[in-house]
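The structure under discussion appears below in the form of structure tokens.
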Amino acid sequence: MESNIEAFLEAWPRFQEGIVTTIYLTLGGAALGFAMALVLGVAAGSRLMVIRGVSRTIVEFFRGTSLLVQLFWLFFVLPLLGYELDPLFCGILALGLNYGAYAAEVVRGSLAAVPTPQKEAAVALNFSPWHRMSKVVFPQAWVQMIPPLNNLLVQLLKGSALASFILLQDLTFHIGELRRVTGDTVFAFGVGLILYFVIAYVLTLFMNLLEVRAKSRLGAGPSLREVLSLRPERVNEAVGVGR
């Protein structure tokens, strides 16, 4: 065990580089996926059948095909057609397109779940379509989006491990290298489990803070400052304890 720990400490600088690459993949894929989800999710609720059809076709295509196949297609097939992509960009693109398709359904369902009287009230107040969406519909839908988007973000983090197949030296790559050096599968992948868990937990805490802030802006919960003050009654209220 002592030799394994020494090998890990020696490899730690390289692990840090792998963690940074994994974070780039996760955050870049999340940003691209969220932008895609907003466009396709809103388009799915359009009154025009053509727009709804295009949105549905894109969503079903990327949801219905394997992320690994998409990744290989972008990295290995596109160069044959004359378009060579940087491996990091390729990973971000594949993750964003795949998880963005799933997130589009979250956006569509959350927008549709906003009560109709709220939308009708905005029309009665002569709000423009943009102001109806940005001031009335989206703030209420956003609160409902965050929990499922949080789940997708953690799934995206775990899916980023596939990037090691396209020669990216991410966290999974360095876990494999540690296993090769130490010859101890349990130790190497145990370290991997811990590191992925820590990153996922940090992302989840961030998304929970976003949810608290979104609810506070709607007057449906304590403010972010009150939650961060660690006052027990406010924390319990934020997480729903005692209800």
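The values are calculated or read from the model by the stated rules, or taken from the named source; none is laboratory data. Keep in mind that this is a model prediction, so the values were computed, not measured. All Cβ positions, glycine included, derive from the backbone under ideal geometry; neighbour counts span all protein chains shown. Surface accessibility is based on the protein's heavy atoms, side chains included, excluding ligands, DNA and RNA. Shrake-Rupley method; radii C 1.70, N 1.55, O 1.52, S 1.80 Å.
Straight-distance candidates among the lysines for linking to LYS119, with alpha-carbon spacing under 17 Å and chain neighbours fewer than 8 residues away dropped: LYS135.
Couplings 3J(HN,Hα) for segment 186-202, derived from phi with the Karplus relation 6.51 cos²θ - 1.76 cosθ + 1.60 (θ = phi - 60°), are 4, 5, 4, 6, x, 4, x, 4, 5, 5, 5, 5, 4, 4, 5, 5, 4 Hz, where x marks Gly and Pro.
Determine the share of the chain's accessible area contributed by carbon and sulfur atoms, expressed in whole percent, with a 1.4 angstrom probe. Each step should come with its number before you reach the end.
Values: 9340 of 14190 Å².
Result for the chain: 66 percent of the exposed heavy-atom area is carbon or sulfur.
For Cα extents along the principal axes in Å, the value calculated from this model appears in (1) 57, 46, 43; (2) 65, 40, 31; (3) 70, 57, 22 under label (3).
Axis of helix 2-43 versus longest Cα principal axis of the chain: the two differ by about 30°, to the nearest ten degrees. The C-alpha atoms of the chain define a longest principal axis, and helix 171-182 lies at about 20 degrees to it. Karplus-derived 3J(HN,Hα) values for segment 81-88, using 6.51 cos²θ - 1.76 cosθ + 1.60 with θ = phi - 60°, are 9, x, 10, 9, 9, 4, x, 5 Hz; glycine and proline are entered as x. Looking at the calculated P(r) for segment 20-150, what percent of the C-alpha pair distances fall above 27 Å? Pairs farther apart than 27 Å: 29 percent. For segment 58-65, backbone phi angles converted through the Karplus equation (6.51, -1.76, 1.60; θ = phi - 60°) give residue-by-residue couplings of 5, 4, 5, 5, 6, 6, x, 10 Hz, Gly and Pro being listed as x.
Tell me the mean residue ellipticity at 222 nm calculated for the chain from its helices only (DSSP H runs of n ≥ 4, each -39500 (n - 2.57), averaged over every residue, nearest 500).
Values: 10 runs with 180 residues, N = 243.
The helix contribution divided over the chain gives -25000 deg cm²/dmol.
Under the convention that each Lys and Arg Cβ holds +1 and each Asp and Glu Cβ holds -1, the size of the dipole of segment 1-227 around its Cα centre is about 1260 debye. In terms of packing, defined here as the mean over residues of other Cβ atoms within 10 angstrom, the peptides 104-116, 167-179 line up highest first as 167-179, 104-116.
Partner aspartates and glutamates whose Cα lies under 19 Å from the Cα of LYS215, excluding those fewer than 8 positions away in the same chain, are identified as GLU226, GLU233, GLU237.
Roughly how many Å² is the accessible area per residue of the chain, as a whole number, for a 1.4 Å probe?
Values: 14190 Å² over 243 residues.
On a per-residue basis, 58 Å².
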